[in-house]
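Since the structure comes first, as structure tokens, the remarks are kept for the end.
The values are calculated or read from the model by the stated rules, or taken from the named source; none is laboratory data. The structure displayed is predicted, hence computed values, not measured ones. Note that we place each Cβ from the backbone using ideal geometry, even for glycine, and neighbour counts take in every protein chain shown.
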Amino acid sequence: MKKIILVLIAIVILSQAASAQINWARYSQSYPSGSTDKASNIGVIAAIPETNNAFWEKYPNEDLVRSLGADASFQHNRPQGFVALNSFDTAKAQFFLHGVNKSNAGEFEFRVMDGDKIIVPWSPISMFTDKYTEKQSGMPQMAYLGGFVTSAGNRIIVDARRTARNEIIATAVVAWKPIKPFLSDVYRADELNIFLKRLARPWDVGRRGEKISKWQQQQTINGSPPGKQVFGPHDNNLVFFLSPGIYKKEQLEYSLTRDNEPMLGWKANDFDNGFIWLTNLEPGDYLLKMRYTAQRQHVTEYPFQIKKPWAESIVFRIIAGILACVSIGFVVFFILHVKQKQRAEDELAKKTKLQLELKSIYAQLNPHFIFNALNSIQGLINKKDLQGANSYLTDFAALMRQSLNNSNKEQTSLDQEILTLDSYLKLEQLRFGFKYEINVDKAINSYESEIPSLLLQPLIENAVKHGVSGLYEKGIITVNFLKQGNDMMVSVVDNGNGFAGNANPQGLGLKLTLDRIKLINEFSKGQTVTLEINNNTGGGTRVNLAFKNWFL
């Protein structure tokens with residue numbers, strides 16, 4: 001079996017629109033044996049752009065040679081020795097047949113297959129290199145079989161044979177392999193020394209087992225999904241080492257997004273080497289995309305995360321927020337507590353003052369009442385009505401006991417207040433002989449309802465003194481207690497000459513009552529007392545007291 005000679009050449013394409021110009025000075029040629037004047041070798045020139053010649057180290061495809069060599073259907077009627085090449089670009093591979101020129105071309109023919117599909121059947125040779133190509137390459141005239149290309153993952157097979165013998169004398173295979181960057185290592189700031197050693201001595205520093213284990217262990221500890229590495233807050237300068245390597249930065253492009261927002265669009269690499277160096281990265285979730293310009297359709301994605309510092313983490317912010325709220329709440333609570341305490345003290349002082357004032361007024365009511373009662377007794381004695389005076393003194397003593405029992409109370413039950421008023425009216429009835437009645441609405445529970453002590457007594461006294469005292473047996477006093485919703489309405493009505501003619505609004509009893517009502521309204525919350533004095537429609541005087549919200 002004749003030996004195959006492999007011509008491996010990297011080409012510079014000045015413009016995709018123009019014809020490919022082969023720069024023979026940049027070619028590297030390798031021949032197992034033989035010469036260029038024997039029709040037993042197919043030379044292959046893979047016209048790959050100069051910017052992509054970094055993949056030179058992977059150009060021979062030994063794996064493909066072994067697999068095809070073990071394929072009986074492929075080896076049928078083909079020579080044992082052949083060489084398979086890799087191509088990584090969309091450029092066509094150019095095929096030449098050495099030892100065949102215009103003088104002996106009729107003895108040979110060729111065919112071209114795309115995988116198992118024949119795209120050029122066995123055909124005669126009709127094209128040859130010219131003088132200019134021979135001069136540039138330093139090779140004698142040879143047959144040109146054409147340029148062919150296929151999609152990534154497929155291969156072009158070119159066979160040459162002698163027409164007379166129907167025997168294949170040479171075979172060449174070019175496989176278009178898909179290629180994309182492979183992330184071999186990530187170096188953090190504290191591993192830059194290892195990275196620099198790798199650049200200086202790439203044959204000495206590789207992906208050691210401990211490095212891989214450390215990387216995988218770190219992923220496990222951080223709980224990140226496979227392929228996603230979580231870096232600390234201070235790991236904001238990262239070097240991503242790629243394989244295969246490149247020799248010109250235009251061969252590699254990358255883009256970067258942070259938190260799903262574009263950070264860097266597709267751009268050429270920053271270094272003429274197979275690594276990407278990202279600096280001053282902020283905390284966040286990143287996606288690094290990488291591709292070779294030879295095959296932009298094949299993109300490698302690498303997600304990674306840079307954790308936020310503890311002071312910027314959500315947990316810290318929650319804790320800080322809670323502490324801030326607690327602190328603010330404590331300050332607000334302290335201020336409110338101080339204000340509440342101050343208000344309570346002010347309220348207590350005000351309440352104490354009102355109580356003292358009420359007691360002072362109440363203390364004035366008792367002497368006023370006693371003075372008027374003693375005047376009444378004196379009047380009976382002057383009339384020489386000893387029996388009436390004695391009876392009056394007896395009733396007066398009972399009234400005084402009732403008054404003394406309520407002297408220390410701001411409020412008394414309505415039942416006790418009515419009893420006191422009844423006792424007083426009985427005393428005055430002995431003197432003047434008038435009639436009276438006290439009516440209580442059935443809707444009012446006089447035993448459970450309360451009323452300010454002796455608040456009505458001065459009003460009853462005015463009704464007697466200024467109303468019915470001069471009418472004697474014709475005089476009538478009516479006291480009514482009515483319930484209207486939550487209010488208690490109290491009226492004191494006499495049939496005297498009316499308020500304008502008889503009453504003295506500046507009298508001590510009425511003045512003390514008005515002062516008490518004013519203090520009660522200041523002292524109570526939501527419960528107020530109002531007083532009105534009017535001439536009665538049928539004659540006399542009507543005094544109305546309204547106890548608002550008294551039954552809440």
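Considering segment 274-285 alone, what residues qualify as being in a loop (DSSP other than H, G, I, E, B) and either acidic (Asp, Glu) or not assigned by TED's automatic domain parsing to the domain that holds Ser243 (or both)?
Step one: filter segment 274-285 for residues in a loop (DSSP other than H, G, I, E, B), giving 274, 279-283.
Of everything in segment 274-285, just one residue is in a loop (DSSP other than H, G, I, E, B) and either acidic (Asp, Glu) or not assigned by TED's automatic domain parsing to the domain that holds Ser243 (or both), namely Glu282.
Pairs meeting the criteria (first residue in segment 521-534 and within 23 Å of Ala463 (Cβ to Cβ), second residue at pLDDT 90 or above, beta carbons under 6 Å, at least 6 apart or on different chains) are Val529/Phe547; Thr530/Ala546; Leu531/Leu545; Glu532/Asn544; Ile533/Val543; Asn534/Arg542.
When you check Glu261 against the structure, is it surrounded by fewer than 16 Cβ atoms within 10 Å (Cβ to Cβ) and touching a strand residue (DSSP E or B) at 6+ places or on another chain (Cβ under 7 Å), yes or no? Criteria not met by Glu261. Given the condition closer than 19 Å to Lys383 by Cβ, surrounded by 19 or more Cβ atoms within 10 Å (Cβ to Cβ), in contact with a Leu (Cβ under 8 Å, 6 or more places away or on another chain) and in contact (Cβ under 8 Å) with a residue 40 or more places away in the chain, answer yes or no: does some residue in segment 447-469 qualify? The answer is no; no qualifying residue exists.
Taking the condition out of contact with any Ser or Thr (no Cβ under 7 Å at 6 or more places or on another chain) and not assigned by TED's automatic domain parsing to the domain that holds Pro202, does Ile306 pass? No, not satisfied.
Among the listed residues Leu354, Leu348, which satisfies the condition of being in the same structural domain as Glu410 (by TED's automatic domain parsing), in a helix (DSSP H, G or I) and at pLDDT 65 or above? Don't jump to the end; show me each part of the working.
Working: Leu354 fails: at pLDDT 65 or above.
After ruling out the rest, the residue left standing is Leu348.
Just wondering, is there one or more residues in segment 422-441 that are in a loop (DSSP other than H, G, I, E, B), more than 60 Å from the chain's Cα centre (by Cα) and basic (Lys, Arg)? No, segment 422-441 contains no residue that is in a loop (DSSP other than H, G, I, E, B), more than 60 Å from the chain's Cα centre (by Cα) and basic (Lys, Arg). When Val299 is tested against (1) farther than 20 Å from Ser184 by Cβ; (2) of a type in the set (A, V, I, L, M, F, W, C); (3) surrounded by 15 or more Cβ atoms within 10 Å (Cβ to Cβ), exactly one condition is not met: (1). Out of the residues in segment 147-182 that are among the polar types (S, T, N, Q) and outside any strand (DSSP E or B), which is surrounded by the most Cβ atoms within 10 Å (Cβ to Cβ)? Out of the qualifying residues, it is Thr150. For Met290, the requirement of being in contact (Cβ under 8 Å) with a residue 40 or more places away in the chain and not assigned by TED's automatic domain parsing to the domain that holds Gly153 is met.
Can you confirm whether Gly99 is modelled with pLDDT of 75 or more and under 60 Å from the mean Cα position of the chain (by Cα)? If you could, list the steps in order and put the result at the bottom.
Values: modelled with pLDDT of 75 or more: yes; under 60 Å from the mean Cα position of the chain (by Cα): no.
No, not satisfied.
Among the listed residues Val490, Val543, identify the single one that is in contact (Cβ under 8 Å) with a residue 24 or more places away in the chain and either over 18 Å from Glu410 (Cβ atoms) or touching a helix residue (DSSP H, G or I) at 6+ places or on another chain (Cβ under 8 Å) (or both). Full working, then the answer.
Working: Val490 fails: either over 18 Å from Glu410 (Cβ atoms) or touching a helix residue (DSSP H, G or I) at 6+ places or on another chain (Cβ under 8 Å) (or both).
From the options Val490, Val543, the qualifying one is Val543.
Condition check for Thr528 on (1) of a type outside the set (Asp, Glu); (2) surrounded by 14 or more Cβ atoms within 10 Å (Cβ to Cβ); (3) modelled with pLDDT under 85: one failure, at (3). Just one residue in the set Gln80, Gln75, Gln94 is modelled with pLDDT under 85 and over 30 Å from Lys248 (Cα atoms); that residue is Gln80.
Among residues of segment 260-273 that are in the same structural domain as Leu199 (by TED's automatic domain parsing), those with a beta-carbon under 6 Å from a residue that is surrounded by 14 or more Cβ atoms within 10 Å (Cβ to Cβ) and in a loop (DSSP other than H, G, I, E, B) at least six positions away or on a different chain give the pairs Asp272/Lys248. Scanning segment 237-273 for residues that are more than 36 Å from the chain's Cα centre (by Cα) and under 22 Å from Gln305 (Cβ atoms) yields Phe241, Leu242.
Residue-wise test of (1) in contact with a helix residue (DSSP H, G or I) (Cβ under 7 Å, 6 or more places away or on another chain); (2) without any contact (Cβ under 8 Å) to a residue 60 or more places away in the chain.
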position	(1), (2)
Asn104	no, no
Lys117	no, yes
Ser126	no, yes
Asp130	no, yes
Thr150	no, yes
Val173	yes, no
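Gly509 satisfies every condition listed in (1) closer than 24 Å to Asp415 by Cα; (2) modelled with pLDDT of 80 or more except (2). Only residues that are part of a strand (DSSP E or B) and touching a Leu at 6+ places or on another chain (Cβ under 9 Å) were counted across segment 512-552, and they come to 9.
Let's see how each residue does on (1) touching a strand residue (DSSP E or B) at 6+ places or on another chain (Cβ under 9 Å); (2) part of a strand (DSSP E or B); (3) at pLDDT 85 or above:
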| site | (1), (2), (3) |
| --- | --- |
| Leu287 | yes, yes, yes |
| Arg291 | yes, yes, yes |
| Val299 | yes, yes, yes |
| Gln305 | yes, yes, yes |
| Lys308 | yes, no, no |
| Ile318 | no, no, no |
| Gly321 | no, no, no |
